Amino acid sequence: MELTVGNPDAGLTNADAGLTNADAALTNADAALTNADALALVRANAHDTAMRFVPVGVETWDYCRALAQANMEPYLVRRGQQWTRTGWDEKAPSREFFELYVERERVGFVSLWRDNDIDGVHIGDIQLEEHARNRGIGKQAIERVFAIARSRGLREVTLNVFRDNPAIRLYERMGFVVIDHGFDKFRMRCILKDDASL
């Protein structure tokens, strides 16, 4: 069953956003999105047509798994650890996945889950292809996550990041602060304001 992405009462339709339902690829089976979530994504995608944030299902896990492995292995190797497919596959079914597109090129993905400890959203992954880094795509992806959290009435977003990951600077600029540093990653949190600004 396909979600209706536009909402005439909100004054924004698929046509206004320049998206078709096929472009947005939103189905109830593929992603646990409500109409409010879908509208938030359409609004966010409409403001910046350079990047699209598309909910997807299990059919893309091979791509997501391979990109996560390629990006995470260097951090793990430095720590004497190994990336394991089994660990990733055990966690994947409880997450929502969103592919990132610039024009028609897939450049990465984001995974999320509900963080019941804080009544918020946790970013499990922001994984970008190497050629897509340092182009503002990570910032746009985080803004999409903020839109989803707000559409669900949630006001906190958390993530974990290796201490030597240069993305920490981006997260700090986006309003994240370190709330735990008791292991080899920082746990960071952003408390969202009521409006769309940080």
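Every number in this text was worked out from the coordinates using simple rules, so none of it is lab data. The structure presented is a predicted model; accordingly, all values stated were derived computationally and were not measured. Note: ideal-geometry Cβ built from the backbone for every residue, glycine included; neighbour counts use all protein chains shown.
With Asp89, Asp115, Asp125 as the choices, which residue is in contact (Cβ under 8 Å) with a residue 60 or more places away in the chain and of a type in the set (D, E, K, R)?
Asp125
What's the number of the only condition in (1) in contact with a strand residue (DSSP E or B) (Cβ under 9 Å, 6 or more places away or on another chain); (2) within 23 Å of Arg187 (Cβ to Cβ); (3) in contact (Cβ under 8 Å) with a residue 24 or more places away in the chain that Arg106 fails to meet?
Answer for Arg106: the failing condition is (2).
For Arg135, which of the numbered conditions (1) part of a helix (DSSP H, G or I); (2) out of contact with any Asp or Glu (no Cβ under 6 Å at 6 or more places or on another chain); (3) under 27 Å from Asp62 (Cβ atoms) fails to hold?
(1)
What strands (runs of 3 or more DSSP E) completely inside the stretch 44-117 contain at least 3 residues that are surrounded by 16 or more Cβ atoms within 10 Å (Cβ to Cβ) and in contact with a His (Cβ under 9 Å, 6 or more places away or on another chain)?
In the stretch 44-117, 105-115 are the strands (runs of 3 or more DSSP E) which contain 3 or more residues that are surrounded by 16 or more Cβ atoms within 10 Å (Cβ to Cβ) and in contact with a His (Cβ under 9 Å, 6 or more places away or on another chain).
Provide a single number: the residues in the stretch 156-198 that are out of contact with any Ser or Thr (no Cβ under 9 Å at 6 or more places or on another chain) and either over 20 Å from Asn134 (Cα atoms) or not in a loop (DSSP other than H, G, I, E, B) (or both).
30
Would you confirm whether or not the stretch 129-144 contains a residue that is in contact with a helix residue (DSSP H, G or I) (Cβ under 8 Å, 6 or more places away or on another chain) and basic (Lys, Arg)?
yes
Condition (residue is part of a strand (DSSP E or B), in contact (Cβ under 8 Å) with a residue 12 or more places away in the chain and crowded, with 16+ Cβ neighbours inside 10 Å) applied to the stretch 142-152: is it met by at least one residue?
Among the residues of the stretch 142-152, not one is part of a strand (DSSP E or B), in contact (Cβ under 8 Å) with a residue 12 or more places away in the chain and crowded, with 16+ Cβ neighbours inside 10 Å, which makes the answer no.
With the structure loaded, tell me whether Ile191 is in contact (Cβ under 8 Å) with a residue 24 or more places away in the chain, closer than 19 Å to Leu67 by Cα and either crowded, with 17+ Cβ neighbours inside 10 Å or over 11 Å from the mean Cα position of the chain (by Cα) (or both) or whether it fails that test.
Judged against the criteria, Ile191 is not a match.
Return the residues of the stretch 118-132 that are touching a strand residue (DSSP E or B) at 6+ places or on another chain (Cβ under 6 Å) and not in a helix (DSSP H, G or I); say none if nothing qualifies.
Passing the criteria: Ile118, Gly120, Val121, His122, Ile123, Gly124, Asp125, Ile126, Gln127, Leu128, Glu129.
Within the stretch 156-173, how many residues are surrounded by 13 or more Cβ atoms within 10 Å (Cβ to Cβ) and in contact with an Asp or Glu (Cβ under 8 Å, 6 or more places away or on another chain)?
3
Across the stretch 137-174, what is the total count of residues that are of a type in the set (A, V, I, L, M, F, W, C), within 21 Å of Phe186 (Cβ to Cβ) and under 10 Å from the mean Cα position of the chain (by Cα)?
4
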